[in-house]
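The values are calculated or read from the model by the stated rules, or taken from the named source; none is laboratory data. For clarity, every value in this text was computed on a predicted model and none was experimentally measured. Quick reminder, even Gly has a Cβ in these numbers, built from the backbone with ideal geometry, and neighbours come from all protein chains shown. Keep in mind that these areas ignore ligands, DNA and RNA; they rest on the heavy atoms of the full protein, side chains included. Shrake-Rupley method; radii C 1.70, N 1.55, O 1.52, S 1.80 Å.
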Amino acid sequence: MITHGDDLLISGAWLLGIGTLVGAIGQTQQTLTSTDLGKDLVLKGNGIEAVGNSLQAIGRSKMLNSENERTETYFIFGSWLEAIGNIADAVGIGMQLSGSVEEGIRTDALGSGIQGLGAAIEAIGASLTEETISRSFEIKGNGLISAGSFLESVGNIFILNEKVRLGEHILLLGSWTQVFGAFILIEAFSLDPEPEPEKGKDGQNRHYSYANYR
């Protein structure tokens with residue numbers, strides 16, 4: 001039985017995957033051409049990611065109960081941080097496209113750092129729960145997203161210090177690292193089995209949602 005919270009979680013994961021892929025394609029164009037070509041895709045990708053992270057945070061909140069409050073709080077807080085980071089990235093890229101290049105790069109670097117912190121907190125939350133294959137995938141996926149985000153932050157710092165080509169290549173590495181992490185997260189959610197219904201004393205099936213087993 002799939003709950004509304006589960007639907008939001010899975011939908012958010014797919015949006016996160018699509019957003020990171022769109023952003024990585026845009027960053028590839030930008031790095032290969034050494035121009036602003038592709039920046040609009042990076043901006044759109046970050047916007048899609050922000051929506052995905054927000055859906056995951058809302059989905060986690062709907063699944064919150066007294067038994068999983070501690071671990072789910074990590075996921076909720078981490079997801080909101082990622083959403084804030086992605087919004088800051090989108091704002092920073094928009095500033096660059098409108099001519100405020102240096103200030104935009106600083107904002108982008110800050111946003112990527114916030115996003116990396118959020119993903120790291122989610123990875124920590126996953127590590128505090130019962131060890132399963134899906135949880136292992138969640139740790140790896142969020143870990144890669146965190147690493148990729150921090151790489152993007154470092155790349156922007158290099159660009160600010162006039163090491164543009166090196167910075168662009170670091171951005172490229174960071175963007176594709178996030179793609180791999182996002183699709184590992186999608187796989188993590190697809191691995192969660194639906195528990196078999198148990199018979200109650202009245203002989204009726206009792207269903208338990210995915211949330212009770214997280």
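Within region 129-166, the set of residues being among the aromatic types (F, W, Y) and either part of a loop (DSSP other than H, G, I, E, B) or under 13 Å from F183 (Cα atoms) (or both) comprises F137 only.
Being at pLDDT 95 or above and under 19 Å from the mean Cα position of the chain (by Cα) holds for only one residue in L191, L185, L144, and it is L144. Which of the residues spanning region 116-139 are modelled with pLDDT of 95 or more and open to solvent by 60 Å² or more (accessible area, probe 1.4 Å)? Within region 116-139, just L117 meets the criteria.
Taken together, the residues in region 152-161 that are out of contact with any Lys or Arg (no Cβ under 8 Å at 6 or more places or on another chain) and under 15 Å from T31 (Cα atoms) amount to 4.
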